[in-house]
Structures are given as C-alpha cells and as structure tokens.
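Any read-out appearing in this document is the output of simple, stated calculations on the displayed coordinates, not a laboratory observation. The structure presented is a predicted model; accordingly, all values stated were derived computationally and were not measured. Counting neighbours? That spans all protein chains shown, and the Cβs are built from the backbone with ideal geometry, glycine included.
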Amino acid sequence: PADLEFQGKDLKECEQFIKAVNKQARAEGKLRDDAWIADLVATCMAGDALIWWSSLDEETQASWKLLRKAMLSRYRLHFTGKSATEAEDFVHWIRERALDAGKLDDPTWPAKVASGCFMGSALRWYTALDPGIRGHWDSLQQAIFLQYSQDFKEGCLPK
C-alpha cells in the first residue's frame, strides 16, 4: 500500500507502523502469515529505516515476528532527562515492557532494557551510577526519580 511507509524516526512512528501493518495483514487475511507480513514490510521501508533493515540478517528480514522485535528494540524510547514528566513516562514505559514480558519481579531484566535508552545528559548521569544501581531496577527507578522528579525530591510522592 502506498500510504504504508516506515522512515525510522522514533518509537511513536514505529508503534503506529506496526499497528498499520497488522491492520493491513488482517484486511488481507494474512495476520498469521509471518513471511507474507515480512515481505510486505520490506516494501514499506524508507530512509534510515531502509538502511537499518538492509543491515539485518536474512532470518530477521524474512520473519515479521523477529523483525517486529528488532524494530521495537531499535526504535525504543529514549530518555534524555529533560523533565519530571519524561522520567515518569520512562519508568512507566519500562515497567509496562517488564509486565508484558512477565519480568516485573526480575530486577535485572527491566534494568537491562532501560540501559539502552539513556541519551545526552541522562546517559552521562546513568554511566556515573554505581553498577549495583544500574543493574537493579528497583534501585535504578528510585535513582531516576531522585534525580529527575521534583515531587520525589520534596517528599511529595503518595505513600
């Protein structure tokens, strides 16, 4: 379809593209046809996304399941530390991913997911943290709130 294109701008575009691809596959009666959907997606790549897609191995290119996972990993949420709202949205996003994966009770899994999301001054802050904090989600999310949330600093978070 001419209107189905993925440029690889950010997570929001990625999520919208995945939703549109699934909708198109359902309309074509191909929602469970992994290879068909992967072939469709190959024709929709453009710009930076096409360059990235071209660098993927053939197995990932040929499987919508693997390609979707690779896309969500590549175009994940980025955390720059610009505001308390961004910090809260980031922690919530990581917690949702952990819950979806059944890993919310595993303190290392969400910490690993979060580790690839820091950018700019937030990345510099993150790399300066003690490894024990970086590798443990409960400690890391507390550190994020301490650093980036005014409410947390003032002790105004609900108990």
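A dipole drawn for segment 1-117 from +1 and -1 charges on Cβ atoms has a positive end, and of 85, 7, 61 the residue lying farthest that way is 85. Stretching the chain fully between residue 139 and residue 59 yields a gain of 25.1 nm (0.36 nm per residue, less the alpha carbon separation).
Potential lengthening of the chain between residue 105 and residue 22 amounts to 26.9 nm, from the contour at 0.36 nm per residue minus the alpha-carbon distance.
Using C-alpha pairs under 8 Å with a sequence gap of at least 6, the mean separation divided by the residue count of segment 24-144 gives a relative contact order of 19 percent.
In whole angstrom, the chain maps to an equivalent ellipsoid with semi-axes of 35, 16, 15, each derived as √(5λ) from the alpha carbon gyration tensor and ordered largest first. Here the calculated FRET efficiency for residue 129 and residue 52, from their Cβ-Cβ distance with R0 = 30 Å, stands at 0.55, rounded to the nearest 0.05. Straight-line cross-link partners of residue 19 among the aspartates and glutamates, defined as a Cα under 19 Å from its Cα and at least 8 positions apart when in the same chain: 3, 5, 10, 28, 33, 34, 39, 96, 100.
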